[in-house]
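What follows is calculated from the coordinates using simple rules that are stated; it is not laboratory data. Predicted, not measured: the structure shown is a model, and the values here were computed from it. Using ideal geometry, Cβ is built from the backbone for each residue, glycine included, and neighbour counts are taken over all protein chains shown.
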Amino acid sequence: MGLEPFTAEDPIFLDEDVLRDSHKPEDLIARDRELEEYQAALKPVIKGARPRNIFLYGQTGVGKTVATEMVMDRLRKDQENYDNLDIHVVHVVCKNLNSSYQVAVKLVNEFRDTNNKIPTTGYPPDTIYEFLWKHLREIDSTHVLFVLDEVDAIGNDDDILYELPRCNDNGNIPVEETKVGVIGISNKFTFRDNLSARVKDSLCDEEIHFPPYDANQLRNILYQRAENAFVDGVLEDDVVPLAAAFAGQESGSARQALKLLFKAGDIARSRDLKEVKEEHIREAEPKVKESQVRNELESVPTQSHLTLYALLTLEKQDSLPAKSSDIYDVYEIAANRIDTDVKTDRTIRDRLSQLKLKGFLDVEEHNEGPKGGSYYLYEFGDIRPNMVAEVLRDVDRLDDLFQTEITNY
Ligand SMILES: Nc1ncnc2c1ncn2[C@@H]1O[C@H](COP(=O)(O)OP(=O)(O)O)[C@@H](O)[C@H]1O
Ligand SMILES: [Mg+2]
């Protein structure tokens, strides 16, 4: 069979981009309280006072980023009514940035031209902070607000969340010239609890919680988007409620609900159908779930990737479930092979429990009787090892591991 001609004809989607994350809805559904708290927390800024630091938290897909963009847009617009205000917002996504150092470099580069960026390694940390203070001292704005989105990526290495909020207090940035505020956004509840006490003190002036959506709210979010995304009348009545019910039950995430709806539409379109039906949502559901798991696997830190790699190696040799000490032995070889720092076995045990929390691993406790003590055995949880292998193969950092297998340890 030859190729079909490409045609722009599309009986299903009017504009599928409307279902994407990057599309900004006109208004937010069921987020009145959160928006009110957000605006109240930023009120001092518009009065010319020092910003309070804000910490936003809630699972992924509950509107943290979109709410922030809306509030910042509004702030930028409303400041025009005040001559003495010039608010500069720096919004960075920290996903994939695993340390305060990397975040600081990214922030420095936000102030620099393309041909003047600094590299992500090489400078001592103090120098990076000095660069940052210098840029802040040079900028003419009355206020700089740093939005650190998905900041939980930095884990326990939270120095930047201490340094940034206090740069006005310790004289690095004269407060009469530029007032600095930090808005930290986290997808993880545990991240806040694990922040060091000094960070909690400075960062969490205001905390705003974004709870998951229920099926009702998700339905309204989907209807709002579907109107502009789909050709009139192609969605069977049950489609949106079912997508909302699935997402409501599983995650309460608007992102997941939108993905389900898009995927269902995509399935119908690929079969030249004129309608999206309930069965397409059912078919889309496991696919969307799998792609979410893949994304999550991709975005864990390098040390977790190496830990997963160690489990894969053990799995191939039928040695799972395994003790953390056995996993560590393989990990150590793997870490050396890709030339990364070899962390302590304690760190790897932490990684193992993180991976367990995410549902990637199962753990079983073994008791050796009163004298023998107890230990944990790890194996893959509700994911296919093959899929883990596929994901790891695509991680550039790990290329060297897939050239030859690790067999002796
Ligand atoms: N209350 C809402 N009303 C309309 N759309 C929403 C709402 N909450 C989230 N969305 C949409 O869901 C998707 C995920 O939201 P996002 O803000 O990126 O979530 P988070 O940052 O919490 O992971 C985006 O496409 C966003 O536009
Ligand atoms: Mg987000």
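A compact table of results
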| quantity | calculated |
| --- | --- |
| Under Karplus coefficients 6.51, -1.76 and 1.60, residue-wise ³J(HN,Hα) of segment 291-298 in Hz, glycine/proline x | 5, 5, 4, 4, 4, 5, 4, 4 |
| Segment 162-254, dipole about Cα centre (Lys/Arg Cβ +1, Asp/Glu Cβ -1), debye to the nearest 20 | 340 |
| Qualifying lysines (Cα of each under 29 Å from Cα of LYS259; at least 8 residues distant if same chain) | LYS24, LYS64, LYS95, LYS188, LYS274, LYS277, LYS287, LYS289, LYS356, LYS358 |
| Cα gyration tensor, the chain - rounded (a/c under 1.5), prolate or oblate | oblate |
| Ordering of 187-194, 78-85, 279-286 by packing [mean C-beta count within 10 Å, highest first] | 279-286, 187-194, 78-85 |
| Mean Cβ count within 10 Å, highest first, over the residues of peptides 296-303, 390-397 | 296-303, 390-397 |
| Relative contact order computed over segment 218-309 (Cα-Cα under 8 Å; 6+ residues apart), in percent | 28 |
| Gain upon complete extension [ASP140, ASP193; 0.36 nm per residue less C-alpha separation] | 15.5 nm |
| Simple Cβ-charge dipole of the chain, Lys/Arg +1 and Asp/Glu -1, about Cα centre, in debye nearest 20 | 760 |
| Residue exposure sequence - SER325, SER253 - by fewest surrounding Cβ within 10 Å | SER325, SER253 |
| Rounded to whole Hz, the Karplus (6.51, -1.76, 1.60) HN-Hα couplings of segment 275-287, x for glycine and proline | 9, 9, 10, 3, 4, 6, 5, 4, 6, 6, 4, x, 5 |
| Estimated FRET transfer efficiency (GLU278, ASN81; beta-carbon r; R0 45 Å; 0.05) | 0.35 |
| Positive dipole terminus of segment 32-209, leading residue within GLY171, PHE55, PRO44 (C-beta point charges) | PHE55 |
| Gain in span if fully extended, LYS289 to ASN170, counting 0.36 nm per residue against the direct Cα distance | 38.2 nm |
| Segment 1-30 versus segment 357-371: alpha-carbon centroid distance in Å | 46 |
| LEU235 long-range amide H proximity, modeled H, under 5 Å | VAL276 |
| Residue order, fewest to most surrounding Cβ atoms within 10 angstrom, among GLU365, GLU16 | GLU365, GLU16 |
| Normalised contact order of the chain, rounded percent, pairs of Cα under 8 Å and 6 or more residues apart | 18 |
| Sum of -39500 (n - 2.57) over DSSP H runs of 4+, divided by residues of the chain (222 nm, nearest 500) | -14500 deg cm²/dmol |
| VAL363-GLN224 FRET efficiency (beta carbon distance; Förster radius 35 Å; 0.05 resolution) | 0.25 |
| Restricting segment 12-121 to trypsin sites (Lys or Arg not before Pro) in coil, as DSSP defines it, with at most 15 other Cβ within 10 Å | ARG20, LYS47, LYS95, ARG112, LYS117 |
